[in-house]
Amino acid sequence: MTTSTRQRTTARSRAEDEFLATQKKNKKVLEEKERERDEKSQHVAKLKAQRLAKEAVEREEADRQAGETRQGRQVCDGCKAYQGRQEKTRRQPASISSLLRPHGPLNAASVRRY
């Protein structure tokens, strides 16, 4: 009986050692996966910040260019009043219809707000 008890305890302690070694490996693997996941999320956050910064710069550039084109655009003959408002001489048209007449019929597409 002592031999079988000794064998049992030896087998049990060996199994416990193997189990603990497996648990230790699993813990290391989980820590490694968590570290990689954190690195990946930090990388994605950095890329997102760069993308948002780039979009903001592009948006500002587009706004600046749109402002320049608005200031320097050519005005048709019917819209000279608009050009006159930009200059010091302020000329008022007789009516709004006189401004719209050169552009064609009065509809939603032809009316632009300045």
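In the full protein assembly as shown, how much of Thr3 is accessible to a 1.4 Å probe, in Å² to the nearest 10?
80 Å²
Estimate the FRET efficiency between Lys28 and Thr3 by the formula 1/(1 + (r/R0)^6), using the beta-carbon distance for r and 25 Å for R0, to the nearest 0.05. Please report the intermediate quantities before stating the final value.
Details: r = 37 Å, r/R0 = 1.50.
It comes out at approximately 0.10.
The values are calculated or read from the model by the stated rules, or taken from the named source; none is laboratory data. What you see is a predicted model; the values in this text were computed from it and never measured. Positions of Cβ are backbone-derived with ideal geometry, glycine not excepted, and every protein chain shown enters the neighbour counts. Side chains included, ligands, DNA and RNA excluded: accessible areas come from the protein's heavy atoms. Shrake-Rupley method; radii C 1.70, N 1.55, O 1.52, S 1.80 Å.
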